[in-house]
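Single-structure report; data block below.
No lab work stands behind these numbers, since they all come straight from the coordinates. Computed from a predicted structure; not experimentally measured. With ideal geometry, Cβ positions are generated from the backbone for all residues, glycine too; neighbour counts draw on all protein chains shown.
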Amino acid sequence: MNLVHQISLRNEMRILRLTKELYNIDSGDFRYVAYNDESMKEIEHILLEDWINGKPDILLSRIKQKKNNDIIYDKLLYNSLSFDVKVNSKKYSRACFELFDEGDYYTYKHNKDTHNIIVVMNANKIIYTFPASYIEDVVNKRNIMHYEMPNGFYDKEEYFWDKFSSEKKDKNGKKLFFINPEILQQRLRDYIAYKNTNADLTWFYFNAKILKIDKEFEEIDNCENK
């Protein structure tokens, strides 16, 4: 297991330890998605430690991992929810979002209102959670009349910046967008109320909150030049 994978695993496991505080859901109700048998060895070692609210189940799925499903919550009536954990360096005040470039549209390639991005901001030690479809709306400037973004939101770099993303595409065909997470959090309720199509997601965000943590997560800087 390479160093980047090890750091990612530790960060994801740390999120699982915080689910009660973040979402009022025990960690034992979530499933952790492992990439392969090598990952399992490290995960099993970590899971030998004490867990306050139950140990998460392990799902071995290369396909789901490649689709950025780090964590799954499937104890719901209709749909399962998936989560991708992203840790932002303390050097940055805006959150980095990586979306696939479809030419005239940017997407996470997930079913609408089932995938979520867990955003760890080391700069101010705050964890946010956003529906991926909400981020798609903001990036694609779609349905934004419902969100009442600040004046000049797309023109002010402290709010939104896609200049660098228009110049950079990684090997997976993704582009980077850098957005102020505080603004996203302020308008999240509008998305849930007006545009969300998933009753399970509505229920989830009724309990979800932002969380102030006492120390930084480990960093992997995939969003250089922010």
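Placing unit charges on C-beta atoms (Lys and Arg positive, Asp and Glu negative, everything else neutral), compute the dipole magnitude of the chain about its Cα centre in debye, rounded to 20.
It works out to roughly 220 debye.
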Listed by chain and number, the aspartates and glutamates with an alpha carbon less than 14 angstrom from that of K75, same-chain partners under 8 positions apart left out, are D26, D29, D57, D200
Taking Cα atoms only, helix 3-17 is inclined relative to the longest principal axis of the chain by an angle, in degrees rounded to 10, of 90
Along segment 125-137, Karplus-curve 3J(HN,Hα) (6.51, -1.76, 1.60; θ = phi - 60°) to the nearest Hz, with x for Gly and Pro, reads 6, 10, 10, 10, 9, 10, x, 4, 5, 5, 4, 4, 4
Here, K156 and H5, labelled 7 Å along Cα→Cβ, have an inter-label distance in nm of 4.4
Semi-axes a, b, c in Å (a largest) for segment 1-127, each sqrt of 5 times a Cα gyration tensor eigenvalue, come to 23, 18, 16
re the chain: pairs of Cα atoms spaced beyond 21 Å account for a percent value of 55
With Rh as the Kirkwood radius over Cα pairs, segment 52-172 has Rg/Rh of 0.98
